[in-house]
Structures are given as C-alpha cells and as structure tokens.
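A short write-up of the structure that comes next.
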Amino acid sequence: MEEEKGEFKLPIRDLVAVLYAQRWVVICFATAVLTLAVLHGLFSTPMYRSTAVVEVVPKATHELKAQSLSAPQPAGNLYMNQQFYRTETDKILSLSARNEVVRRFGDESFSENGAAKLNGILAVVPRSNSRLIDISVIHADPAKAAKLANLTSQVYLDQNIGFRQKAAKA
C-alpha cells in the first residue's frame, strides 16, 4: 500500500478482490433490500393527492373610474404581493377555516380533533408569478381527498365574500 501526503490509498484491484471474496454477503444484502422494498410497495396504503386551484384578486384600495376599467392595473411592489399571498394562505390554513371544512365534511373519521387532522393532510402553496393558489389534500381515499380540497377552497371563497360584504357595509 502506498501513502502520499498522509492519505491511505487502496488500489482498485484490491477492492474488487475483497468484494468478490464477500460476494455472498453483498448478494444477500441486495436481495434483502429489494425484498423489503417490494413488500413495502405491495402492503403500503396508496395515497392520493387532490388539488383545487383558487385565484386570489387583491381588492381595490381606491375607487375605480369608468375610464380606468380597461387599463391594466399595476402589480404593486414585490413585498406587498408576497405579504398579500402570505395573508391569503394563512386565511386558508386558519383554525376557523379548518373547523368549518370539518363541519361541512361531516365524516366520522374527522369528528374528533378534525382541524388538527386536516392540518396534517392539507398543503396550501401559491404559484409563482401568478394569482393562483393550489390547495392540495393527501388522503388514502381519492374521493375524500377531492371533497376536502374542494370544501377547503369553497370555505375560503365563502369567507372572502363575507369579509368583502362586511367591508362594503362599513
């Protein structure tokens, strides 16, 4: 064996010889890993993802004139946009929204501590460079995943309508 600058080098020929001498250990290990992977794939519960897409539109902060309706609106600065989308995401993930989704869902599996269970399977991600937010639910039952994603988006829309109606009355 050679040693240069404090490093130990093992020639490839010696490494191959060791692996060849221990080939049954290597074969048994590879077979065990492959068998475990196949068993896991066969017996694990498949999970399904359902995604609802919601378009969020910032409310106008000033009166619109009839002439300006067709003119493109400025996007605003980046920080304000990020802050707006973070607020909308927080509204979707809020405890009150999750409790309302669980109430409307009406499934017994969500009857106890349903908001916390929903929080574990719910993902809310704003799409970059757009006004869209993806609301995804991962569940073992594809129909329940779709229903929960759609209910979450519907609760968000209903809450926004309620907020805007209250603001218009004030």
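Each Cα pair under 8 Å and six or more residues apart adds its sequence gap; the mean of these over the residue count of the stretch 96-137 is a relative contact order of 28 percent.
Between Phe8 and Thr87, the simple label model (points 7 Å from Cα in the Cβ direction) yields a spacing of 6.3 nm.
Taking other residues whose beta carbon is less than 15 angstrom from the beta carbon of Tyr20, and scoring Lys, Arg as +1 and Asp, Glu as -1, yields +1. For the stretch 22-33, the Karplus equation 6.51 cos²θ - 1.76 cosθ + 1.60, evaluated at θ = phi - 60°, returns couplings of 9, 4, 5, 5, 5, 5, 5, 5, 5, 5, 5, 5 Hz by residue, with Gly and Pro reported as x. For the stretch 90-99, putting each phi into the Karplus relation 6.51 cos²θ - 1.76 cosθ + 1.60 with θ = phi - 60° gives couplings of 5, 5, 5, 8, 5, 4, 5, 5, 5, 5 Hz, in residue order, rounded to whole numbers and with x for Gly and Pro. Taking a point 7 Å out from the Cα of His40 in the direction of its Cβ, the residues of the stretch 108-150 whose backbone N falls within less than 20 Å of it are 139-140. For the stretch 36-51, the Karplus equation 6.51 cos²θ - 1.76 cosθ + 1.60, evaluated at θ = phi - 60°, returns couplings of 5, 5, 5, 4, 4, x, 6, 9, 7, 6, x, 10, 10, 10, 10, 10 Hz by residue, with Gly and Pro reported as x. When the listed pairs Lys117/Lys144; Lys117/Lys169; Lys117/Lys166; Lys147/Lys169 are checked against a 24 Å cut-off, the alpha-carbon distance exceeds it for Lys117/Lys169; Lys117/Lys166; Lys147/Lys169.
Tyr20 sits with roughly 140 Å² accessible to a 1.4 Å probe, with DNA, RNA and ligands left out of the calculation.
The values are calculated or read from the model by the stated rules, or taken from the named source; none is laboratory data. In this text the structure is predicted, and so the values were computed from the model without any measurement. We place every Cβ from the backbone using ideal geometry, glycine too, and count neighbours over all the protein chains shown. Areas reflect the complete protein model, heavy atoms only, side chains present, ligands, DNA and RNA absent. Shrake-Rupley method; radii C 1.70, N 1.55, O 1.52, S 1.80 Å.
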